[in-house]
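Undergrad: Have a look at this one.
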Amino acid sequence: MKLHEYQSKQLFADHGVPIPRGRMALNAQEAKSIAEELSGRVVIKSQVLVGGRGKAGGIRLVNSPEEAEEVATQLLSMRIKGLPVRRLLVDEAAEIQTEIYLGVTNDRTMRCPVMIASSEGGVEIEEVARTQPEKIVRVWIDPLLGIRSYQARFLASSIELQRKHWREFNKIAQGLYHTFMNSDATLAEINPLVITGDGRLLALDGKMVLDDNALFRHIELAEMRDIDAEEPAEREARKYGLSYVKLDGDIGCMVNGAGLAMATMDVIKLYDGAPANFLDIGGGAGAEKVAAALSIILKDPSVKAVLFNIFGGITRCDEVARGVLSALKECDTDVPMIVRLVGTNEEEGRQLLAEADMVTATSLADAAQKAVALAKENSSR
Ligand code: GDP
Ligand code: MN
């Protein structure tokens, strides 16, 4: 579960991280009155659960409450990367001297949290990793010890932060780490952490991703979920207990098992295709779940072909086939479909699907190649 910027920053502030004064607004009138309270220059920030809002025009600086109202109206009618803007954050504007990146996540290989810092803040860290990997520094944190101040100092000196800011930087690193741990987060990120014109450190942007599996022990955090702001398909998928993540490609994937889903995506890539989603229907999925999954995939207009890769262990291939057939009955589509079914009851499954005019494949490589070819053909017609 992702938190909005204003929610993340509030959690940071609860742990001693300095943030700008400001509040969330649901309409232009509220934005105006918050701007009046803050007086002076304010920044109006679209609260949507994607990054890169600045570049998309979702972050605006204004000079008066009247202008705040006007800009708020504009922002509230916008969509950013397909998501409607329903909430705004109105913050006191900061004068930025330097933008830093600071984040905590789990390092699965090292089996512990890692804190990441970079002098190149304000841009996406993935971009920095690609273009200037030497500008990224990491320290690995022993969860029994927490982040030690020498580690924070190491980060501060590595990003060439002036010595006078080290004490404050240490406090922020501690606060960010504790926010991460106390909320069972998988990501807690400040980007940018800025040095202001008058020499203060301030968390200007905040992002948090919480571990859904731990939400049961954080009722107050679970209540922060903004269902309306989530990708509609992901919301729908959650209702049926499917793990679904939308991606940029054009081949819809329906797979049982997370590992198999990853492998399927890899093989699609290997043959120069691009997956439109990650979808794990889980073990033992019945016809109803399969039907829900297929309709979610087909609602995505960028899907030009669908690849089913089902390994029948607990899941029975004939059950899956029945699900596919019942889903097809409901949604009228001409998107080509390729099926690879192996395992329990595969014969019955294949027979059922052959009647539905679907392309079948025996190996994953074969299936992926056929999917890539059919997607290409479909998008050029
Ligand atoms: P993101 O684009 O979704 O990551 O949103 P951010 O909150 O990080 O804002 C993007 C950029 O807008 C920042 O890197 C800053 O350069 C700029 N920005 C945000 N808030 C302020 C502010 O208070 N003052 C100034 N001058 N710039 C700001
Ligand atoms: Mn940012």
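The values are calculated or read from the model by the stated rules, or taken from the named source; none is laboratory data. If you're wondering where the values come from, they're calculated on a predicted model, not measured in any experiment. Here the Cβ positions follow ideal geometry from the backbone for every residue, glycine too, while neighbour counts run over all protein chains shown. Surface accessibility is based on the protein's heavy atoms, side chains included, excluding ligands, DNA and RNA. Shrake-Rupley method; radii C 1.70, N 1.55, O 1.52, S 1.80 Å.
Undergrad: Out of Ile19, Gly273, Ile310, whose Cα points farthest toward the positive end of the dipole of the chain (charges: +1 Lys, Arg; -1 Asp, Glu; placed on Cβ)?
TA: Ile19
Undergrad: Continuing with this model, one more query. What residues qualify as long-range amide H neighbours of Gly121, i.e. H under 5 Å apart, gap of 5 or more or another chain, H built at 1.01 Å from N?
TA: Result for Gly121 returns Glu99, Ile100, Tyr101.
Undergrad: Viscosity 0.890 mPa s, temperature 25 °C: give me the Stokes-Einstein translational D for the chain in µm²/s, with Rh taken as the Kirkwood radius over C-alpha pairs.
TA: The estimated diffusion coefficient comes to 106 µm²/s.
Undergrad: Express the relative contact order of the chain as a whole percentage, based on alpha carbon pairs under 8 Å and six or more residues apart in sequence.
TA: Value for the chain: 13 percent.
Undergrad: Any idea what the dipole of the stretch 45-87 comes to, in debye rounded to 20, about its Cα centre with Lys/Arg Cβ at +1 and Asp/Glu Cβ at -1?
TA: Rounded to the nearest 20 debye, it is 420 debye.
Undergrad: Roughly speaking, to the nearest percent, how much of the chain's 1.4 Å accessible area is carbon and sulfur?
TA: 50
Undergrad: How long are the three semi-axes of the equivalent ellipsoid of the stretch 314-359, in whole Å, if each is the root of 5 times an eigenvalue of the C-alpha gyration tensor, listed from largest down?
TA: 18, 11, 8
Undergrad: Continuing with the same structure: Once you charge only the Cβ atoms, +1 for Lys and Arg and -1 for Asp and Glu, what is the size of the charge dipole of the chain about its Cα centre, to the nearest 20 debye?
TA: The calculation lands at about 820 debye.
Undergrad: Let me ask something else about it. Figure the gain on full extension for Glu355 and Glu220 (residue separation times 0.36 nm, minus the Cα-Cα span) and round it to one decimal in nm.
TA: Using 0.36 nm per residue and subtracting the Cα-Cα distance, I get 43.5 nm.
Undergrad: With an 8 Å Cα cut-off and a minimum separation of 6 or more residues, compute the relative contact order for the stretch 169-321 in percent.
TA: 18
Undergrad: What fraction, in whole percent, of alpha-carbon pairs in the stretch 50-92 exceed 17 Å separation?
TA: Value for the stretch 50-92: 26 percent of Cα pairs lie more than 17 Å apart.
Undergrad: Among Leu161, Ala229, Met254, whose Cα sits farthest toward the positive end of the charge dipole of the stretch 109-259 (+1 at Cβ of Lys/Arg, -1 at Cβ of Asp/Glu, about the Cα centre)?
TA: The residue sitting most towards the positive pole is Leu161.
Undergrad: Which listed residue (Val245, Ile296, Gln151) has the Cα farthest towards the positive end of the charge dipole for the chain, taking +1 on Lys and Arg C-beta and -1 on Asp and Glu C-beta about the Cα centre?
TA: The Cα lying farthest towards the positive end belongs to Gln151.
Undergrad: Could you compute the FRET efficiency for Asp212 and Gln10, with r as their C-beta to C-beta distance and R0 at 22 Å, rounded to 0.05?
TA: Computed FRET efficiency for Asp212 and Gln10 comes out at 0.60.
Undergrad: For Arg200, Arg60, give me the order by solvent-accessible area with a 1.4 Å probe, most accessible first, ignoring ligands, DNA and RNA.
TA: So, going from the largest accessible area down, we get Arg200, Arg60.
Undergrad: How many Å² of accessible area per residue for the chain, probe 1.4 Å?
TA: With the other protein chains kept in place, the chain gives 48 Å² per residue.
Undergrad: Something else now. Taking the alpha carbon gyration tensor of the stretch 1-87, what are the square roots of 5 times its eigenvalues, largest first, to the nearest whole Å?
TA: 19, 18, 10
Undergrad: Subtract the Cα-Cα distance of Thr73 and Arg381 from 0.36 nm times their separation in residues, and report this length gain in nm to one decimal.
TA: Extra length available between Thr73 and Arg381 comes to 106.8 nm.
Undergrad: Which residues make up the longest stretch of the chain that has no GluC sites (Glu not before Pro) in a DSSP loop with at most 12 other Cβ atoms within 10 Å?
TA: 224-354
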